[in-house]
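Everything on this sheet refers to the single structure shown next.
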Amino acid sequence: MDNECIFCKIAEKKIPSYTVFEDDESIAFLDINPLFKGDCLIIPKKHYETIIDAPDKTVRNLFSGVKLVSEAVKNGLKSDGILIVVNNKVGQEIPHLHVHVTPRMKDKKIRGFLWPREKYDDEKEMQEYASRIKSAIDSLTLKK
Ligand code: AMP
Ligand code: ZN
């Protein structure tokens, strides 16, 4: 636990939250400043800053929770869809890993979010980006 971390305090029940789900490793609660009403956050109870810092087992548990909360938001709020977002470092306001699970309705658009999109110059550049990521994956999987 990080003493100053607000999400650690929520996980430890030291500050209140509108909790919708919890198990041994994760807890989900309402975002107090929702993109759309019913916006939930799910976090590992232990403090990790980003998805890269968390152990694989923790990430697996977290994303089982993401699936459950997504289905519950869809069924409970009759949403048309679900937006799932994880900010890591850039755009991350609270430095404790959290997944946003947000209800989306067909008639409620979001602006200034997830665009503008960039364009690749050509096929060669696209191939080059794929190669750089694939080589990094090879290095990471060889390490394990
Ligand atoms: P991010 O920008 O991805 O780091 O998102 C952090 C989110 O945490 C924001 O959407 C905030 O509204 C939300 N938030 C901050 N404090 C609390 C709190 N005490 N309870 C619930 N949500 C919070
Ligand atoms: Zn924390």
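The values are calculated or read from the model by the stated rules, or taken from the named source; none is laboratory data. Worth saying up front: this structure is predicted, and the values here are computed from it rather than measured. We place every Cβ from the backbone using ideal geometry, glycine too, and count neighbours over all the protein chains shown. Side chains are part of the model used for accessible areas, which takes the heavy atoms of the whole protein and leaves out ligands, DNA and RNA. Shrake-Rupley method; radii C 1.70, N 1.55, O 1.52, S 1.80 Å.
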Set Ile94, Ile84: member being open to solvent by 60 Å² or more (accessible area, probe 1.4 Å), within 30 Å of Pro55 (Cα to Cα) and touching a helix residue (DSSP H, G or I) at 6+ places or on another chain (Cβ under 9 Å): Ile84
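Among the residues of region 18-45, which ones are over 24 Å from Ser79 (Cα atoms) and either of a type in the set (Lys, Arg) or assigned to a loop (DSSP other than H, G, I, E, B) (or both)? Even if it seems obvious, please write down each step before you answer.
If we filter region 18-45 for residues that are over 24 Å from Ser79 (Cα atoms), which is where we start, we get 23-25, 44-45.
If the condition is that a residue be over 24 Å from Ser79 (Cα atoms) and either of a type in the set (Lys, Arg) or assigned to a loop (DSSP other than H, G, I, E, B) (or both), then Asp23, Asp24, Glu25, Lys45 are the ones that fit.
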Test result for Lys108, among the basic types (Lys, Arg) and within 16 Å of ligand 1 (Cβ to nearest atom): no
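Could you go through region 8-17 and let me know if any residue there is assigned to a strand (DSSP E or B) and surrounded by fewer than 16 Cβ atoms within 10 Å (Cβ to Cβ). Reasoning before the result, please.
From region 8-17, those assigned to a strand (DSSP E or B) are none; that's our starting set.
Taking every residue of region 8-17 in turn, none turns out to be assigned to a strand (DSSP E or B) and surrounded by fewer than 16 Cβ atoms within 10 Å (Cβ to Cβ).
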Residue count, region 18-30 (criterion: within 11 Å of ligand 1 (Cβ to nearest atom) and either open to solvent by 100 Å² or more (accessible area, probe 1.4 Å) or among the aromatic types (Phe, Trp, Tyr) (or both)): 2
Which numbered condition Ser26 fails, given (1) closer than 30 Å to Leu140 by Cα; (2) more than 15 Å from ligand 2 (Cβ to nearest atom); (3) in contact with a Pro (Cβ under 7 Å, 6 or more places away or on another chain): (2)
Near pairs, Cβ below 8 angstrom, 6+ apart or cross-chain, from region 84-100 (within 16 Å of Asn61 (Cβ to Cβ) and more than 8 Å from ligand 1 (Cβ to nearest atom)) to any residue that is part of a loop (DSSP other than H, G, I, E, B) and at pLDDT below 95: His96/Asp2
The listed residue being away from ligand 2 (no atom under 16 Å from the Cβ), among the charged types (D, E, K, R) and crowded, with 16+ Cβ neighbours inside 10 Å, out of Asp39, Asp56: Asp39
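Here are some residues: Arg111, Arg104. Which one is open to solvent by 50 Å² or more (accessible area, probe 1.4 Å) and touching a residue at least 24 places away in the same chain (Cβ under 8 Å)? Break it down stepwise before answering.
Numbers: Arg111 fails: touching a residue at least 24 places away in the same chain (Cβ under 8 Å).
Exactly one of Arg111, Arg104 is open to solvent by 50 Å² or more (accessible area, probe 1.4 Å) and touching a residue at least 24 places away in the same chain (Cβ under 8 Å), namely Arg104.
Just to check your reading of the model, which residue among Asn33, Asn3 is within 12 Å of ligand 1 (Cβ to nearest atom) and open to solvent by 60 Å² or more (accessible area, probe 1.4 Å)? Reasoning before the result, please.
Values: Asn3 fails: within 12 Å of ligand 1 (Cβ to nearest atom).
Exactly one residue qualifies, and that residue is Asn33.
Identify the residue in region 43-53 that is open to solvent by 80 Å² or more (accessible area, probe 1.4 Å) and of a type outside the set (Val, Ile, Thr) and, among all such residues, is nearest to ligand 2 (Cβ to nearest atom).
Result: Lys46.
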Test set (1) under 20 Å from Lys9 (Cα atoms); (2) within 16 Å of ligand 1 (Cβ to nearest atom) - Ile52 fails condition number: (1)
